[in-house]
Structures are given as structure tokens and as C-alpha cells.
Amino acid sequence: MTRPRGACAAAWRTVARWCHRATLAAVAGVLAAGAAAAAGSGPAEPAAAAALQTVRFVPERDYGPFVFAEDDGRVRGLSVDLLERLAPAAGLKLQVLSPAPLAEQLARLRAGEAELVSSLRPTPERAAYLAFTRPYVSVPAILVVRQGAALAAGDGPAVLAALAGRSVAVGAGYAVEAFVRGRYPQVAWAAVPDDVQALRGVAEGRYDAAVLDAASAAFVTRRHGIAGLRAAGPIGFDYALSLAVPKSRPDLLQRLDAAIAALPLQERTAIQQRWMGPLHGSELMAPARPPLLWVAAGLLVLAALLGGVLAWRRRARPEGGARTPGTL
């Protein structure tokens, strides 16, 4: 009986040694595979980061809510949030340059000191040296006047037409400037550096009115505490804003355009709502309807009511259609 027990113990010791060696070999194999994977993946992340192409983005200094500089120098806005979302998808890394007025932005692009601007509307003049992505947001241009100002009745175009010889502010070099100068040459147009100067000038009485987009009007008056203004209505011009790159860089245009097209509508809407949603409570974001539209709406309602009365009275006629002094 003793010998069988010794034989069994020896057999178990042999099996244990074999299992131990197999376990050590398996563990070594796993560690070696992990080391090889780590060695293979380690340089991949820097390589991927290095593959991102750096582009110099020059933001506008004061064009909120789309792009503007905070007091501490940080650049923020709807277009900035959009660019930060689009850049990695386009294989780009943004180098944000110091904010500048629009004229300086465009000059830096033409001089080759930057490759990207945002929040720009295409114009024939700009198309001579810039290429534009598809628009990512659109807002109407409106006429802003002082509350209580004695102006002609009507919508934005009617009021503008009646401002012949009077001073109206417009952003220097803005897309809307060429439009209003061509459409209303009788107005004394005053080109100003940005929308802040335009609205302050109207509030302080230096200008009789200003033309700018509705979202910027609402944002600027709230951010800078400019009061006593109202919207006289849209003027028939929309700001369809795009990103722009030098015409010599079709590669950048293709990347950015593809990234905009691939961005889910829900994400784009969320970015727009983040910046423009809080502005919708402003009267400047929802200009009053032109009086003629209200008159037309009132006439339609009156006609509908009159039609209803006539129909009811016809149904109320006596049987057989006999007319009485009280029936039509």
C-alpha cells in the first residue's frame, strides 16, 4: 500500500511541474505580446498627432455671437465652437492668431500670414482671392434705430429709403456694406470698424440708424449694455456665413467642406442653440412685422369672419327659401 501512494505522489509532482512550466510559458507569452503591442502602438499616437496639419486661424475681434475676444484675450463664439469640432475631423490643428478687425483679417490672408477665417459671407470681391465652404449658419440683416425716433412708417427698406441724406452706420468691409450702398445711394453711409461702434453711435445719437445682422445686434446690446434701440425690420439681405481659406489652398477647402457636410444636424443645431438660443428673447432677434403685413392679416381675418356670418345666415333661412324682411 505504501508504494502505490509514493507512485501517485510522484505522478502528481510530475504533473504539477508540467503545469507550472506551461503556466510560466503562457504568462511569458502574454507579457511578450503585450510588450510588442505597446512597442508597436507607442509611436502611433505621436505619429497621428504629427499628421494633423496646422492652420493659422485669424479670428475677428468683435463679431459676437459668432467670433469675439473676451477681456482676458480668449476667443469664443459659435464659429469657434464649430471649428473646434470640425478641425480634428478635417485632420487639422488650429493655431489661433491674435484677434483683429475684419479689414486686418483679410489683409493677413492676402499677405499669406494666415490660412483660415470664419463667419464670412462670400462676395465677388472676396472670391477673387478666397474660397468659401458651404454656409453653416444664416441670419437676416436688420435696420436698428433709436426707440421713439420719428421715422417713416413701414418696414426696413421703406425706412431706409426715407433716410436720404441722413447718417446710417454699417460695418466697414462687411458684405452688407456693398449691398446697401448700391441699393440706397441716397443715404449718408458711415463705415465703422465693427457692430459695437455702429450700435453705440445710434444709441448716442451720432447716427440715425445702423445696419447689421440680427444675432449680432442682440448679442452686442446685451453684452455691452446698450439700451434704447429697436429693430425697424429686415432689409432684404441675409448673412449666410462660411469658413474661408486662400484660393490657393483647395486642399483645406475640401477638408473643411467635407467635415461640415459630415457633421450631424443635431450637433450643429446644439452649437447654434448654445449661442443664439438665449438671444431669441431680444426684440432685435425678432423684428416686428411690417405694418402692411399686419393690415393684410387683419383683412384676411375680417373676410373670414364675414364669410362665416353670411354662411350662417344662409343656413338660417326659412324652409322653401321664402324671403322675409329679415333674410338676405
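Here is a yes/no grid of residues against (1) within 14 Å of Leu241 (Cβ to Cβ); (2) at pLDDT below 95; (3) more than 16 Å from the chain's Cα centre (by Cα):
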| site | (1), (2), (3) |
| --- | --- |
| Arg56 | no, no, yes |
| Asp62 | no, yes, no |
| Pro65 | yes, no, no |
| Ser79 | yes, no, no |
| Arg85 | no, no, no |
| Glu113 | no, no, yes |
| Ser119 | yes, no, no |
| Tyr129 | no, no, yes |
### Message
For region 114-122, check the following and say yes or no: at least one residue is farther than 24 Å from Asp251 by Cβ and crowded, with 17+ Cβ neighbours inside 10 Å.
### Response
no
### Message
I'd like to know if region 211-226 contains one or more residues that are touching a strand residue (DSSP E or B) at 6+ places or on another chain (Cβ under 6 Å), touching a residue at least 40 places away in the same chain (Cβ under 8 Å), over 16 Å from Pro65 (Cβ atoms) and not basic (Lys, Arg).
### Response
yes
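Which members of region 133-174 meet the condition of being among the small types (Gly, Ala, Ser) and under 15 Å from Ala210 (Cβ atoms)? Break it down stepwise before answering.
So in region 133-174, the residues among the small types (Gly, Ala, Ser) come out as 138, 141, 148-150, 152-154, 156, 158, 161-162, 164-165, 167, 169, 171-173.
The answer is Ala141, Ala149, Gly156, Ser167, Ala169, Gly171, Ala172.
Conditions (1) in contact with a Gly (Cβ under 6 Å, 6 or more places away or on another chain); (2) touching a residue at least 24 places away in the same chain (Cβ under 8 Å); (3) not in a loop (DSSP other than H, G, I, E, B), marked per residue:
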| position | (1), (2), (3) |
| --- | --- |
| Ala152 | no, no, no |
| Val170 | no, yes, yes |
| Gly173 | no, yes, no |
| Phe179 | no, yes, yes |
| Gly182 | no, no, yes |
| Ala191 | no, no, yes |
| Val202 | no, yes, yes |
| Arg206 | no, yes, no |
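Could you list all residues from region 282-293 that are at pLDDT below 50 and surrounded by fewer than 19 Cβ atoms within 10 Å (Cβ to Cβ)? Show your work before the answer.
Filtering region 282-293 down to residues at pLDDT below 50 leaves 288-293.
Result: Ala288, Arg289, Pro291, Leu292, Leu293.
Take the residues in region 269-281 that are surrounded by 16 or more Cβ atoms within 10 Å (Cβ to Cβ) and not polar (S, T, N, Q); name whichever of them is farthest from Glu60 (Cα to Cα).
Step by step, filter region 269-281, then rank; the result is Leu279.
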### Query
Looking at Ala240, Ala244, Ala217, Ala232, which is the one that is of a type in the set (Gly, Ala, Ser), under 26 Å from Asp81 (Cα atoms) and touching an Asp or Glu at 6+ places or on another chain (Cβ under 8 Å)?
Ala217
### Message
Under 7 Å between Cβ atoms, which residue pairs at least 6 apart in sequence (or on different chains) link something in region 254-267 that is of a type outside the set (Asp, Glu) with a partner that is part of a helix (DSSP H, G or I)?
### Response
Leu256/Leu86; Ala259/Leu86; Ala259/Ala89; Ile260/Leu86; Ala262/Ala89; Leu263/Arg85; Leu263/Leu86
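State which residue is surrounded by the most Cβ atoms within 10 Å (Cβ to Cβ) when the search covers only region 63-97 and only residues that are in a loop (DSSP other than H, G, I, E, B) and in contact (Cβ under 8 Å) with a residue 40 or more places away in the chain. Can you show your working first?
Residues of region 63-97 that are in a loop (DSSP other than H, G, I, E, B), as a first pass: 64-66, 70-74, 77, 90-91, 97.
Subsequent filtering for residues that are in contact (Cβ under 8 Å) with a residue 40 or more places away in the chain retains 64-66, 77, 90-91, 97.
Details: Gly64: 26, Pro65: 25, Phe66: 28, Gly77: 22, Ala90: 20, Gly91: 14, Leu97: 16.
Ranking the qualifying residues of region 63-97, first place goes to Phe66.
The values are calculated or read from the model by the stated rules, or taken from the named source; none is laboratory data. None of these values were measured; they are calculated from a predicted model. Backbone-built Cβ (ideal geometry, glycine too); neighbour counts: all protein chains shown.
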